[in-house]
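To start, the structure under review is shown below, and the notes come after it.
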Amino acid sequence: MAASSKNTKHNPKFIFVVGGVMSSVGKGVTSASIGRILIGKGLKVTAIKADPYINLDAGTMNPTEHGEVFVTEDKDETDQDIGNYERFLNTDINSVNYMTTGRVYNTVIERERNLEYNGACVEVVPHIPMEIIKRIKKAQRNADADVTIIEIGGTVGEYQNILFLEAARMMHTKNPDDVAFVLVSYLPIPARVGEMKTKPTQNACRTLNSAGIQADFIVARAAQPLDNKRKKKLSTFCAIPEENAISAPDIDVIYKVPQAFEKQKLGDKILKSLNLSPRKTNMQEWNKMVKRITSAKQEVKIAVLGKYFGTGEFTLSDSYISVIEAARHAAWAQNRQPVLTWIDSEEYEQNPSKLKELKKFDGVIVPGGFGTRGVEGIISAIQYIRKNNIPYLGLCYGMQLAMIEIARNEAKLEGANTVEMDPKAKHPIIEVNPFQADNIRENRFGGTMRLGAYDCKISPNTIAAKAYKKKIISERHRHRYEFNNKYRKQLEEAGVVFSGVNPDKDLVEIAEYKDHPWFVGVQFHPEFKSRPLDPHPLYLEFMKACIKHSK
């Protein structure tokens, strides 16, 4: 995958991916899939997400509206699509590859305050688009990328993303041979009509034209494949070559999308539009992984017990997308087909008799979260899981609540709780991170949690040691609260094994319960580092335990 000095140093290429008709249409997966295809052709690729929110980062966004907050190695709270990029490109994506409207404006205002514009009147145009371009080029240089893919959030025509489109237009005007545009648009099939409709996408194209941009490719998202008649319509009314209308029907597994695009030679068409040549054609490793996914027949049943699934009458699994993908990666690696069931923890608070349904699962994952809603339901579920020897993986809040459950029911510490739920808890098993107390007191919440990669020292002869096969590991964090070391001895006497500790601050990172086949809680988020080509070792061990339990 060595990069060509000609293309990287003198002639970097840029692909802008924009959305049409509606959001959540698959721009992130499309961007990541294009990146995977180009990597297979020997090019060095990086990807950027441009979020049209005023938020400085994704950390303060509602997970049931925006989806998961994905944390990078270098401590940034980003959009979930950065996770897609990492999983598909099989590389770390850092903070330089993520921008929001708020972040861009903040930088421009800071520069103005520092007189970096030499006394000029600072205007929205051109200074905001120029800052966007500056960030895009910095990300390209940092990665030394042949091709940089920029996904613009939202849909064309929204006021919020017009400045990102203007930056794209400016780049294309200056270097038309180095910039390509991909419109990902939805083609509805009304049930009472029974015909795929192109009109909404035609309107999206015209709206994109009004921003001074002509799409080079249209990725047609729909419930069914795009037929020739619709391709001709898109070609006629959207001014693209017919072969550049790319069919993107619903697919059961997102990792099959690069293959679907390659069957239509999308990679070669993009290279041609950018005057690039493939250095090789090798999707062998990716194809082998997809074949393993497809061939897995025997099921493993996993419950994901969380508190961010409900949005009105709908379930939003995107709140935990990295957890879900990491579980899938591990199951597929064991030649098992994962069957994931989302359970809202509030159900167990309202109807404790439902806890017995957990027995039908091969394992349970409790992911991270914040606040008091649904917490007692999770604690009750953890007790049931522990007593019935069901494999358990607790992530962040899932680890903390497991310690509270054991403190209450095994160490007999009445009133054990987290200060997040009860600031005056008799036994504060989970306390505010000492380094976070000032932030909470002074209402400094955005971007101030314990974020990003930290080291963890693993104790020998533990589940963690068996999984990692290392003495020191590094994992990504996102939390304000920690296990209270004052209770370490009491919980050890109750059966807890603290198998992972941060060597710098002596903070508990991994806790296990010894009188159980597989019961592990971690303060970090291992799912952020899981890739389909490289499943996370802790999830792999969890899945092995689930398979053993199922037998």
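All of the numbers you see were taken from the coordinates with simple rules; none came from a lab. Values in this document were obtained by computation on a predicted structure and should not be read as measured data. Using ideal geometry, Cβ is built from the backbone for each residue, glycine included, and neighbour counts are taken over all protein chains shown.
One table, with the values for the structure above:
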| read-out | value |
| --- | --- |
| About the Cα centre, charge dipole magnitude for the range 5-288 (Lys/Arg +1, Asp/Glu -1 at Cβ), debye | 1260 debye |
| Computed helical MRE - 222 nm, the chain, DSSP H runs ≥ 4 contributing -39500 (n - 2.57), nearest 500 | -11000 deg cm²/dmol |
| Amide H partners (placed H, <5 Å) of residue 479, local residues excluded | 450 |
| Taking N as its residue count, the alpha carbon Rg of the range 174-291 over 2.2 N^0.38 Å | 1.14 |
| Alpha carbon convex hull of the range 445-485, volume per residue in cubic angstrom | 84 Å³ |
| 11 Å cut-off, amide nitrogen to a point 7 angstrom out along residue 253 Cα→Cβ, residues in the range 64-84 | none |
| When each of 49/233; 356/548; 426/505; 41/265 is checked by Cα-Cα distance, pairs over 22 Å | 49/233; 426/505 |
| Cα-only Debye scattering, the range 297-550: base-10 log of I(q)/I(0) at q = 0.10, 0.16, 0.17 Å⁻¹ | -0.44, -1.24, -1.43 |
| Residues whose placed amide H lies under 5 Å from that of residue 41, excluding near-sequence neighbours | 282 |
| Simple Cβ-charge dipole of the range 297-550, Lys/Arg +1 and Asp/Glu -1, about Cα centre, in debye nearest 20 | 660 debye |
| Cα radius of gyration and Dmax for the chain (Å) | 24.6, 74 |
| Beta bridges by DSSP in the range 297-550, antiparallel share as percent, to the nearest 5 | 50 percent |
| Amide H within-cut-off set for residue 74, under 5 Å, with H built and near neighbours excluded | 95 |
| Long pairs among 174/232; 138/291; 27/263, criterion Cα-Cα beyond 29 Å | 174/232; 138/291 |
| Orphan Cys of the chain, criterion: no other Cys C-beta under 4.7 Å | 121, 396, 456, 546 |
| Stretch gain in nm, segment residue 191-residue 298, where the contour uses 0.36 nm per residue and the Cα spacing is subtracted | 35.1 nm |
| Helical segments meeting 24 Å axial Cα length and Kyte-Doolittle -1.0 threshold in the chain (DSSP H) | 124-143 |
